[in-house]
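Worksheet: the structure to be examined is printed underneath.
The values are calculated or read from the model by the stated rules, or taken from the named source; none is laboratory data. Just so we're clear, the structure is a prediction, and the values are computed from it rather than from any experiment. Here the Cβ positions follow ideal geometry from the backbone for every residue, glycine too, while neighbour counts run over all protein chains shown. Remember, those area values only see protein heavy atoms, side chains included, never the ligands or the DNA or RNA. Shrake-Rupley method; radii C 1.70, N 1.55, O 1.52, S 1.80 Å.
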Amino acid sequence: MKKPNFNLNKLKFNLTSKTNAESFDNTEFRRIVETSDLVHDRETGEEETITRKSVRVMSSSIGARKNFVTLIPMRSLSMEDFSFPFSNSTKIREALKLQVMPFSAAGDLEIFPVVVSKVGRGVSGIVWYVSPDELNLPSPLHDVGAMNKVWPAPLPFVSRLASYGGTGVTMWVDEENVSSILWQSNKPILSRWRKFVDETSQEKELEWFDSYCKARELERGGNFILNAGGDYEAEPDEEFVEMINDSVRICPWIASVNLSRTAIEGARDLERVVRLLTRAASWLLVFGVITLGTGLLKWIRTQDQTRALRTRSENFYKATFDPQHTGRISNPVTLARNKISEIAGSGNEGHPIEEVLADMGEIFAADKNMKVTLDTIRYSGEGIDCTGSAPDMTTILNFRRAWAEYASVAQLDNTQFVSGIGYRFDLRVRW
């Protein structure tokens, strides 16, 4: 069995940033291996090189396997910081797309923003740019339904720079690739790739970082090199998993990194859903405003028609029966009917006014608690109409029931509460 070579000059580590970060004990770690085959074309007689990608397991999970993480040395990977005064993921992606639009002529780029911190309503983080060609990865059948993530190969080894305060270079070396990330205080600032040529490739890459940090006046820190090349039997490797768990404890945002086609398609699906819902909400809002406006116009028109009808009825009553009347008339139709009855001379035929007053006296005499004040009594041959007030509805109902014993109809109309007076009412009595 050949395991990855952890080469850090036998340095010891004391990690103090312990947080409740995600654990990767139940994760299978993999890498992608490219193999080239020479194929002979029978028709043209020419030979063509075909490159195939296959998945190779680096370390199986310590516990029950639930997740898969693939470590890939990406050639086109680059990164930069971002900070926006908003936290909506769709808005963040749109803003980042606008930033890289001037460079789109050089080729398509996929955008993977990762939020590192939130301050108020704003956020800051790291955006990863990758060529779409590097996202075409093989997917074994047993991955269906599992949680899959793709990480830049040198990313999860920052814990091995703890003795240097998280500053230095984490490097991934395999049969074809030398991939590196430069860290400053546990923050990635630069990603590089070069083809693996010979055993000196990694030393030359470290020399380049020495020159770069010196020119940019950056701290150089330490180095960690992981040699992932070769064939070895995958089995649970607690040292490897613990190294990654420590890295995630130091930089919790690493757990949310996923540079996979599934992640980018999920983000695009979310953007499409948000756009559709926004468009639907806009149409519903417009429809609601139109409906509300139409209902308001109908209500205003009905109110105008009601006022016009009441005004015409009042004017007809005044012109016909009471030209000297001033002010509003509450019920011109009822008043007009009573006036017609009086003019017809039927006032003394059915129930003389003396009897009406006698009945009223008996009602008040029978109930000493009948606290009813009558403001207006209108008499006609058909009956009387009383307008008055009482302290409560019970008294008004008792007054109506008392009149029901003396008439065939005793009906209450227009009962309403008036502050400081009590309940006003109109009583209609018919013989």
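Observations on the structure shown:
- Overall shape: oblate for the range 366-409, with the ratio a/c of the largest to smallest alpha carbon gyration tensor axis at 1.5 or above and b/c at least equal to a/b.
- Ordered by solvent-accessible area of protein heavy atoms (1.4 Å probe), largest first, the residues LYS66, LYS187 come out as LYS66, LYS187.
- Two-site FRET efficiency, GLU203 against GLU80, from Cβ-Cβ distance with R₀ of 30 Å, rounded to 0.05: 0.60
- Protection-proxy order for peptides 112-119, 360-367, each taking the mean of Cβ atoms within 10 Å per residue, highest first: 112-119, 360-367
- Highest to lowest packing among 79-92, 169-182, scored as the average C-beta count within 10 Å: 169-182, 79-92
- Measuring against 26 Å, Cα to Cα, the residue pairs LYS118/LYS214; LYS97/LYS118; LYS53/LYS214 contain LYS118/LYS214; LYS53/LYS214 as the ones spanning a longer distance.
- Residues ARG378, ARG301 ordered from highest to lowest accessible area at a 1.4 Å probe: ARG301, ARG378.
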